[in-house]
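S.K.: One structure is given below, represented as structure tokens, and several questions about it will come after.
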Amino acid sequence: MIKPSDKAIVPFVSVDHMMKLIHHIGLEDMVVGLAAEIESDFKRWERFDKTPRMGAH
């Protein structure tokens, strides 16, 4: 596995990492949990900062 840069603020999630996470949590629990987080975000939609900004990826 490649070590992330010391400057990496958000760790990279590879396909391998995601598969290990899904196998650890379970597919159904993963999907249900992800859907709950998305729903929670949309319930707070009005509080999000929707200022246009330049993408830098």
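Where a number appears in this text, it was derived from the coordinates with a stated rule and is not lab data. Remember, it's a predicted structure, so these values are computed and weren't measured experimentally. Cβ placement follows ideal geometry from the backbone for every residue including glycine, while neighbour counts extend to all protein chains displayed.
S.K.: Report the gain in length on full extension from residue 30 to residue 48: 0.36 nm times residue separation, minus Cα-Cα distance, nm rounded to one decimal.
M.R.: 4.0 nm
S.K.: Which is farthest toward the positive dipole end of the chain among 24, 48, 13, measuring Cα position about the Cα centre, with Cβ charges +1 (Lys, Arg) and -1 (Asp, Glu)?
M.R.: 48
S.K.: When the Karplus curve 6.51 cos²θ - 1.76 cosθ + 1.60 is applied with θ = phi - 60°, which whole-Hz ³J(HN,Hα) does each residue of the range 45-56 get, with x for Gly and Pro?
M.R.: 3J(HN,Hα) across the range 45-56, in whole Hz: 3, 5, 8, 6, 7, 9, 6, x, 8, 6, x, 9.
S.K.: Helix-only mean residue ellipticity at 222 nm, the chain, DSSP H runs n ≥ 4 weighted -39,500 (n - 2.57), per residue, nearest 500. What is it?
M.R.: Result for the chain: -16000 deg cm²/dmol, rounded to the nearest 500.
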